[in-house]
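These notes concern the structure reproduced below.
The values are calculated or read from the model by the stated rules, or taken from the named source; none is laboratory data. Here the structure is a predicted model, which means the values were calculated and not measured. Counting neighbours? That spans all protein chains shown, and the Cβs are built from the backbone with ideal geometry, glycine included.
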Amino acid sequence: MSNLPLLRVIRFSAEIMLYGATIVSWKSPSERLFELHGPLPLPCAMARKPVRGGIPVVFLFGPPAHPEHAKLPQHGFARSSNWSWDNIIKEEGDHVSVTLTLDPTPSITAVYKRQFHLRFVVTLGENDIATELFVQNTSASTEYPPDFLEFQALFHNYVLAPANEVLVTPLQNLFYFDKTESTEEGKSTAKAEKRAGVDVRKFTDSVYENAPGSYEVTWPGGGVAIKTTNLKDVVVWNPAETGSKMGDMEQGGWEKFVCVEPGHVRGYERVAPGLTWVGKQVISVIHNARRHQ
Ligand code: BG6
């Protein structure tokens with residue numbers, strides 16, 4: 001297997017990199033829904049940088065706040081590690097799926113001491129794509145108190161959409177933390193969302209807590225629905241012009257996407273030794289998308 005393998009599932013035109021388990025593009029029969037907004041995967045992976053686009057897998061969110069995560073980079077190590085694939089493509093009805101896995105390696109263990117096994121399952125259909133992250137605590141400890149694995153997880157979906165026109169619903173009346181004010185956990189104040197449809201016409205970095213789990217991302221002539229399981233929060237992010245300072249985003253790249261990122265990122269999931277947590281999302285194309293202004 002080469003250093004930078006790229007798995008292509010031809011039937012539905014999805015491309016998944018083993019580097020970061022990142023789905024770098026998905027094309028339903030009618031629409032292209034993800035794309036990159038920065039360097040191509042190859043230079044990106046060679047530079048050990050996460051992919052700026054598609055669906056990076058985030059295991060441990062944001063700048064580290066948990067004492068056990070202090071040595072980790074922003075958004076953890078999963079999106080910049082080489083995952084394994086068993087070369088199996090499963091077909092079930094009109095869907096196909098592949099499973100990628102990640103276990104501790106010496107370079108991960110150098111910065112993160114916990115025992116874990118991550119399994120990432122991508123299932124493709126004509127009109128939908130599902131991602132599931134299984135997080136297993138592989139600690140063999142039988143001591144009391146249990147050796148809990150505490151983590152956060154998130155699917156960092158870059159949805160291809162005109163940023164000036166896209167709306168995300170239904171987030172009205174939810175509390176959110178505005179990270180454009182402060183990225184430090186606890187320093188941004190909770191605000192109540194007043195908008196029926198959330199736009200990203202200006203720099204937006206909002207963490208909605210205890211969100212409904214089902215969202216619509218719509219723009220004139222298009223849209224996707226995102227339905228989640230076990231992912232209680234959602235982040236809406238677009239850097240607007242601050243994207244020009246990011247170094248790995250093409251000029252004007254921020255005008256072409258909105259990140260709608262379901263996850264568990266406020267507080268931590270806790271999994272006891274031997275047990276597994278699962279977070280899932282299904283993204284589907286909305287035909288004849290309605291507008292919520
Ligand atoms: C979002 C965060 O999930 O990801 C933002 O809420 C962050 O604060 C953004 O800027 C992009 O992160 P990164 O590490 O890929 O530049």
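Could you grab me the full set of residues in segment 26-55 that are outside any loop (DSSP other than H, G, I, E, B), of a type in the set (A, V, I, L, M, F, W, C) and over 17 Å from the mean Cα position of the chain (by Cα)?
Matches in segment 26-55: Leu42, Cys44, Ala45, Met46.
Within segment 229-259, how many residues turn out to be surrounded by fewer than 20 Cβ atoms within 10 Å (Cβ to Cβ), touching a Lys or Arg at 6+ places or on another chain (Cβ under 7 Å) and aliphatic (A, V, I, L, M)?
Counting residues in segment 229-259 that are surrounded by fewer than 20 Cβ atoms within 10 Å (Cβ to Cβ), touching a Lys or Arg at 6+ places or on another chain (Cβ under 7 Å) and aliphatic (A, V, I, L, M) gives 1.
Condition (residue is among the hydrophobic types (A, V, I, L, M, F, W, C), within 16 Å of the ligand (Cβ to nearest atom) and in contact (Cβ under 8 Å) with a residue 60 or more places away in the chain) applied to segment 213-231: is it met by at least one residue?
yes
For segment 98-117, what are the residues that are under 30 Å from Pro29 (Cα atoms) and buried (at least 18 other Cβ atoms within 10 Å of the Cβ)?
Val98, Thr99, Leu100
Just one of the numbered conditions (1) buried (at least 21 other Cβ atoms within 10 Å of the Cβ); (2) within 18 Å of the chain's Cα centre (by Cα); (3) of a type outside the set (A, V, I, L, M, F, W, C) is not true of Gly213; which one?
(1)
Is it the case that segment 88-98 has a residue that's within 18 Å of Met17 (Cβ to Cβ), away from the ligand (no atom under 16 Å from the Cβ), acidic (Asp, Glu) and more than 17 Å from the chain's Cα centre (by Cα)? Explain how you work it out, then say what you get.
Taking segment 88-98 as the starting set, the residues that turn out to be within 18 Å of Met17 (Cβ to Cβ) are 88-89, 96-98.
So of that shortlist, the ones also away from the ligand (no atom under 16 Å from the Cβ) come out as 88-89, 96-98.
From the residues that got through so far, the ones that are acidic (Asp, Glu) too are none.
No.
Within segment 173-206, count every residue that is β-branched (Val, Ile, Thr), at pLDDT below 95 and within 11 Å of the ligand (Cβ to nearest atom).
2
Among the residues in segment 114-123, are any over 20 Å from the mean Cα position of the chain (by Cα) and more than 25 Å from Trp237 (Cα to Cα)? Write out each step before concluding.
Our first condition is that a residue be over 20 Å from the mean Cα position of the chain (by Cα); within segment 114-123, this holds for 114-115.
Then drop every residue that is not more than 25 Å from Trp237 (Cα to Cα), which leaves 114-115.
Checked against the condition, which is being over 20 Å from the mean Cα position of the chain (by Cα) and more than 25 Å from Trp237 (Cα to Cα), segment 114-123 yields at least one hit.
Among (1) in a loop (DSSP other than H, G, I, E, B); (2) of a type in the set (Phe, Trp, Tyr); (3) closer than 16 Å to Ile16 by Cα, where does Phe120 come up short?
Single failed check for Phe120: (1).
I'd like to check which strands (runs of 3 or more DSSP E) are fully inside segment 146-202 and have at least 1 residues that are loosely packed, with under 13 Cβ neighbours inside 10 Å and touching a residue at least 24 places away in the same chain (Cβ under 8 Å).
none
Can you list the strands (runs of 3 or more DSSP E) found entirely within segment 215-293 that contain at least 1 residues being basic (Lys, Arg), at pLDDT 95 or above and more than 23 Å from Val24 (Cα to Cα)?
Where strands (runs of 3 or more DSSP E) fall fully within segment 215-293 and carry at least 1 residues being basic (Lys, Arg), at pLDDT 95 or above and more than 23 Å from Val24 (Cα to Cα), they are 257-271.
Using beta carbons and a limit of 9 Å, which pairs, at least six apart or on different chains, have the first residue in segment 244-262 and under 11 Å from Val166 (Cβ atoms) and the second one within 12 Å of the ligand (Cβ to nearest atom) and modelled with pLDDT under 90?
Partner pairs satisfying both residue conditions: Lys256/His37; Phe257/His37.
Does Thr142 satisfy the condition of being of a type in the set (S, T, N, Q), at pLDDT below 95 and under 17 Å from Pro239 (Cα atoms)?
No.
Scan segment 64-77 and report the pairs whose first residue is within 14 Å of the ligand (Cβ to nearest atom) and whose second residue is among the acidic types (Asp, Glu) and in a loop (DSSP other than H, G, I, E, B), with Cβ atoms within less than 9 Å and a gap of 6+ or a chain change.
Partner pairs satisfying both residue conditions: Ala65/Glu184; Ala65/Glu185.
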